[in-house]
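Everything on this sheet refers to the single structure shown next.
The values are calculated or read from the model by the stated rules, or taken from the named source; none is laboratory data. These numbers come from a predicted model, not from an experiment. Counting neighbours? That spans all protein chains shown, and the Cβs are built from the backbone with ideal geometry, glycine included. We work out accessible area using only protein heavy atoms, side chains counted, and drop any ligands, DNA or RNA first. Shrake-Rupley method; radii C 1.70, N 1.55, O 1.52, S 1.80 Å.
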Amino acid sequence: MPEAPAWSPGSWTSRPALQQPCYDNPADLDAVLAEIARLPPLVTSWEVVDLKRQIAEAQAGRRFLLQGGDCAESFADCDGPTIASKLKILLQMSLVLVQGGRKPVTRMARLAGQYAKPRSEDSETRDGVTLPSYRGDLINRPGFSAAERQPDPWLLLRGYERAALTLNFLRSLSKSGFAGLHHPEYWDLSFAGHSPQSGAYHRIAETIGESLRFMENVLGVRAAEIDVVDLYTCHEGLHLSYEQAQTRRVPRREGWFNLSAHFPWIGMRTAGPGGAHVEYFRGIENPIGVKIGPATTPGTLVELTRVLNPANEAGRLTLIHRFGARLIGEALPPLIRTVREHGAPVLWIADPMHGNTFLTAEGVKTRRFADILEELEQAFEIHAAEGSVLGGVHIELTGENVTECIGGARGLAEGDLKLAYRSGVDPRLNYEQALEMAMCIAQRMNRAVRTG
Ligand code: PEP
Ligand code: CO
């Protein structure tokens, strides 16, 4: 194989960069990027390396990855209760998955930096007025005026700071008794008492509590680490100069680390092997993800796995497939075979959200719980049939009581969507739907444990 050309944090600028905003004040942009490059990193290389090891375990079938959070975080939602409720639902889901799957679960939050969004259209027209599309709070503002839609470089700095505030609170919660298994009741959300899933969830929490008490009181073993949970962060690494500004060398380790999040991923729209995103990602040491979908050909996938993981390093590359319930059966098996035969080893995880989005007759963007579950069920079946491992899930969800996706145990209907639709971009599972989804996945994993 020919030697890969030299890489540097800025070598992506020689390639076509899709989905980048167009700023009209480059001096401000440069000042902001220099400031971000000077500020302390958000995560450490120690944590990044640790996550890579966990992903390698998931790749080998010994661990499961739960990746979840908002489609697009908003600056306005950077408040204590909203962040805590996102952590609560992730903790509850992971407890259910640990119990069902009988293996450790790595929690990765689409939080503390998930602020930049790719858009299918560069502009949006309303009542004859055309303006640039909203690209996430890191880039511009959602309101429909020329001033609000103009990309503003100062938002990059605000985004970095909001990410730091979010992460600070998440870290405090997850390193204190709050996140500990001794008190799973702390994770309950006040409005969720009447949730259809709450009985089943509490039985699981109670069983785990009993085992802990047995261990501690009868066997005399104090599980010290049980009050601390690991939580990793991830976001789509879309805005390349923002990511570059947080790409650092660290003492006593080789290479460059993106220290804005533990796990950045390449979105489906920017995953072309010749593009700037792949160029940037190939040189960083982090474990990384790539979204793959209906347009991904076997040839492209082999090239991506080779460029992004030339040393065949375990834990380095996660492929996040998102086909939709109707296409996955046809599209996924050939890609699994191709990667096995010609590519480097990967972790496969399923994003059952992005291939199942549709507009209602009233033009509301939504997803059906049943389609999401169907895609997940098929993903488990297909990987098992191909002798491969589905090592995780990637879900858009929130701890809030929103009404953005249809269905679930409470049977949300199209007419209910207007009650509490808050997402600025894609529809998320609400608290009850997310917990129910975790229960369904756990049951599926438990069947595999029993029969496997
Ligand atoms: C997303 O994860 O919000 C997203 C835009 O996904 P994809 O790149 O898979 O379309
Ligand atoms: Co989304």
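Filtered by the rule that a residue be within 20 Å of Gln114 (Cα to Cα) and either within 16 Å of ligand 2 (Cβ to nearest atom) or without any contact (Cβ under 8 Å) to a residue 24 or more places away in the chain (or both), segment 406-439 gives Tyr421, Arg422, Ser423, Gly424, Val425, Asp426, Pro427, Arg428, Leu429, Asn430, Ala434. Selection of segment 33-85 for residues being within 16 Å of ligand 1 (Cβ to nearest atom) and in a loop (DSSP other than H, G, I, E, B) yields Asp70, Cys71, Ala72, Glu73, Ser74. Considering only residues in segment 252-281 that are more than 19 Å from the chain's Cα centre (by Cα) and of a type in the set (Lys, Arg), the one that is least open to solvent (accessible area, probe 1.4 Å) turns out to be Arg253. Within segment 376-427, being open to solvent by 10 Å² or more (accessible area, probe 1.4 Å) and within 16 Å of ligand 1 (Cβ to nearest atom) holds for Arg422, Ser423, Gly424, Val425, Asp426.
For segment 352-375, the candidate set comprises residues that are within 18 Å of Glu436 (Cβ to Cβ) and of a type in the set (A, V, I, L, M, F, W, C); within that set, the residue that is farthest from ligand 1 (Cβ to nearest atom) is Ala370.
Restricting attention to segment 6-16, does a residue exist that is at pLDDT 95 or above, surrounded by 18 or more Cβ atoms within 10 Å (Cβ to Cβ) and closer than 25 Å to Arg149 by Cα? No, that holds for no residue. Taking the criterion of being touching a Lys or Arg at 6+ places or on another chain (Cβ under 7 Å) and open to solvent by 20 Å² or more (accessible area, probe 1.4 Å), would at least one residue in segment 26-39 satisfy it? Checking segment 26-39: not a single residue is touching a Lys or Arg at 6+ places or on another chain (Cβ under 7 Å) and open to solvent by 20 Å² or more (accessible area, probe 1.4 Å). Only residues that are surrounded by fewer than 22 Cβ atoms within 10 Å (Cβ to Cβ), of a type in the set (Gly, Ala, Ser) and within 15 Å of ligand 1 (Cβ to nearest atom) were counted in segment 326-351, giving 1. On the given criteria, is Gly324 in contact with a Phe, Trp or Tyr (Cβ under 6 Å, 6 or more places away or on another chain) and within 16 Å of ligand 2 (Cβ to nearest atom)? For Gly324, the condition - in contact with a Phe, Trp or Tyr (Cβ under 6 Å, 6 or more places away or on another chain) and within 16 Å of ligand 2 (Cβ to nearest atom) - is not met.
Leu131 meets each of the listed conditions (1) among the hydrophobic types (A, V, I, L, M, F, W, C); (2) touching a Phe, Trp or Tyr at 6+ places or on another chain (Cβ under 7 Å); (3) assigned to a loop (DSSP other than H, G, I, E, B) apart from (3).
From the list Pro132, Pro142, Pro151, the lone residue that is within 16 Å of ligand 1 (Cβ to nearest atom) and farther than 28 Å from Gln92 by Cα is Pro142. Only one of (1) surrounded by fewer than 20 Cβ atoms within 10 Å (Cβ to Cβ); (2) farther than 30 Å from Leu390 by Cβ is not met by Pro118, so which one is it? The failed condition is (2). Restricting the first member to segment 107-129 and to residues that are in contact (Cβ under 8 Å) with a residue 12 or more places away in the chain and on the phi < 0 side of the Ramachandran plot, and the second to residues that are near ligand 1 (Cβ under 10 Å from one of its atoms) and β-branched (Val, Ile, Thr), the beta-carbon pairs closer than 7 Å and six or more apart or on different chains are Lys117/Val425; Pro118/Thr270.
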